[in-house]
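The values are calculated or read from the model by the stated rules, or taken from the named source; none is laboratory data. For clarity, every value in this text was computed on a predicted model and none was experimentally measured. Here the Cβ positions follow ideal geometry from the backbone for every residue, glycine too, while neighbour counts run over all protein chains shown.
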Amino acid sequence: MAITINVNGTDRAVTSDPATPLLYVLRDELGLNGAKYGCGLGQCGACTVIVDGQAVLSCSMPALLIEGRRVTTLEGLGTAERPGPVQRAFIETQAAQCGFCIPGMMMRIEALFREKPDAGDGDVRNALEYNLCRCGTHMRILRAAKRADELMREAAAANGGKAS
């Protein structure tokens, strides 16, 4: 049974079993490897993607529940040549060490600032509560979030007040 999901602005027909976790559909069927398999239990956040504006754990979200919804993955934030504001912030602040948790962190920060452009440090900490980092780069990740906020505000101002 094929279902259609919109991934990074493009409708995609997928043929995986509807009970298959979204993470596997993204990685195995669509070749989008930004979301990482961490624990498979929805406890680490490495698999975080954005669905209809909300950060979700793709390892515990069946593909069937995504039909007709908009999914944004790390690949949808920008490219290596033109990184999005959150990606650029993580690069500039050198927030990653091993990098395994970083895609999930980026997605959660992206979702937060899209929903609440005036989010403060407490909001960022609360949003990242669901993402684990074993390397201990927490302070750099928080600096990256602050820098992402600045870059997103600059982009919105350059766009006439509209988020890009």
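List of remarks:
- Scope the range 23-39; condition touching a Leu at 6+ places or on another chain (Cβ under 8 Å) and within 17 Å of residue 65 (Cβ to Cβ); matching residues: 26, 35
- Checking the range 54-67 against the condition returns a match, with at least one residue being in a loop (DSSP other than H, G, I, E, B), in contact with a strand residue (DSSP E or B) (Cβ under 8 Å, 6 or more places away or on another chain) and modelled with pLDDT under 95.
- If the condition is being among the basic types (Lys, Arg), exposed (fewer than 14 other Cβ atoms within 10 Å of the Cβ) and part of a helix (DSSP H, G or I), then the range 117-141 contributes only 125.
The rows are residues; the columns are (1) among the β-branched types (Val, Ile, Thr); (2) modelled with pLDDT of 95 or more.
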{"residue": "8", "(1), (2)": "no, yes"}
{"residue": "16", "(1), (2)": "no, no"}
{"residue": "26", "(1), (2)": "no, yes"}
{"residue": "36", "(1), (2)": "no, yes"}
{"residue": "51", "(1), (2)": "yes, yes"}
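- Within the range 58-116, considering residues that are among the charged types (D, E, K, R) and without any contact (Cβ under 8 Å) to a residue 40 or more places away in the chain, the one surrounded by the most Cβ atoms within 10 Å (Cβ to Cβ): 116
- Conditions (1) of a type in the set (Gly, Ala, Ser); (2) part of a helix (DSSP H, G or I); (3) at pLDDT below 90: number failed by residue 148: (3)
- Flag if residue 13 is assigned to a strand (DSSP E or B) and either surrounded by 13 or more Cβ atoms within 10 Å (Cβ to Cβ) or out of contact with any helix residue (DSSP H, G or I) (no Cβ under 7 Å at 6 or more places or on another chain) (or both): yes
- For the range 16-51, filtered to residues that are charged (D, E, K, R) and touching a Phe, Trp or Tyr at 6+ places or on another chain (Cβ under 9 Å), the residue that is surrounded by the most Cβ atoms within 10 Å (Cβ to Cβ) is 36.
- In this structure, residue 19 qualifies as over 12 Å from the mean Cα position of the chain (by Cα), more than 20 Å from residue 132 (Cα to Cα) and not acidic (Asp, Glu).
- Against the numbered list (1) of a type outside the set (A, V, I, L, M, F, W, C); (2) touching a Leu at 6+ places or on another chain (Cβ under 9 Å); (3) surrounded by fewer than 20 Cβ atoms within 10 Å (Cβ to Cβ), residue 54 comes up short only at (2).
- Residue 144 surrounded by 14 or more Cβ atoms within 10 Å (Cβ to Cβ), farther than 30 Å from residue 19 by Cβ, of a type in the set (A, V, I, L, M, F, W, C) and not assigned by TED's automatic domain parsing to the domain that holds residue 17: yes
- Filtering the range 94-135 to residues that are under 22 Å from residue 33 (Cβ atoms) and of a type in the set (Phe, Trp, Tyr) leaves 100, 130.
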